[in-house]
Amino acid sequence: MYRAVIFDFDGTLIDSETHLFEVMNKQLTQYGAEPVSKAFYQRSIGGAAEELQDYLTKALGEEKKAEIYDIHHKTMDELPLRTGIEKLLQQLKQHHIPMAIATSSYAKDIEAAYRSLGLDQYIDVVIGREAVSEVKPNPEPYLTAVQALHISPGHCLALEDSINGATAAMRAGLDVIVNTNPITESQDFSDITYLAKEVPASDIFEKYIQQGKE
């Protein structure tokens, strides 16, 4: 059995990627700017999103760009957990398996959604952007999370939705299950050595954790 599970947040626990994409394009359209394409947006997911940030700054300016993220963060707590996630969290807790979140978002930006979803009753550690010097695809978020849990990477399982996130987990030495969302489903994961892909979250414990590494 794996000794810990580390979750990405955006797009993995909740579909906040689709939410941000929709909020962003609604605001861009409202201000007369060109909406971003799905392909362009995909490249930013799970990482520092520098290309996307540069575009928004040039198209809207810092104040209106900040407004997009303010709307996103204030309404993200209305999103439900992705299908099967709650069952998985409950199973892990029942078997006393520690859990962490490793995200490229700032912890303060996901806090409202984190608490409204009741994740604080399951998650032991949250590693956000402010806790590391490099975000995904750099392995530092995952290495920091496993260190906080005091468990070696080889005995931890990661759940991710994006290339950047899965790359970070793989580079950190974790096994990774990739479950995409409507934004990331067309990404090319051929360079990722993953344990499994597109597994119903409700089946993960029995199929991969209970029978996983000792």
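Values as computed for the structure displayed
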item	result
Condition met for VAL146 (surrounded by 18 or more Cβ atoms within 10 Å (Cβ to Cβ), touching a residue at least 60 places away in the same chain (Cβ under 8 Å) and under 25 Å from GLN94 (Cα atoms))	yes
Within the range 8-56, tally of residues that are within 16 Å of GLY128 (Cβ to Cβ) and charged (D, E, K, R)	2
Residue among ILE183, ILE204, ILE177 that is in contact (Cβ under 8 Å) with a residue 60 or more places away in the chain, open to solvent by less than 10 Å² (accessible area, probe 1.4 Å) and touching a strand residue (DSSP E or B) at 6+ places or on another chain (Cβ under 7 Å)	ILE204
Scope the range 163-174; condition open to solvent by less than 20 Å² (accessible area, probe 1.4 Å) and farther than 9 Å from LYS136 by Cα; matching residues	ALA172, LEU174
Matching residues in the range 36-67 - criterion: being within 17 Å of PRO137 (Cα to Cα), in contact (Cβ under 8 Å) with a residue 24 or more places away in the chain and assigned to a helix (DSSP H, G or I)	TYR41, GLN42
Residue, farthest from ASP77 (Cα to Cα), within the range 34-45, restricted to residues that are open to solvent by 20 Å² or more (accessible area, probe 1.4 Å) and not hydroxyl-bearing (Ser, Thr, Tyr)	GLU34
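The values are calculated or read from the model by the stated rules, or taken from the named source; none is laboratory data. Note that the structure is a prediction, hence the values are computed from the model and not measured. Note: ideal-geometry Cβ built from the backbone for every residue, glycine included; neighbour counts use all protein chains shown. Ligands, DNA and RNA are stripped out before the accessible areas are found, and what is left, the full protein with its side chains, is counted by its heavy atoms. Shrake-Rupley method; radii C 1.70, N 1.55, O 1.52, S 1.80 Å.
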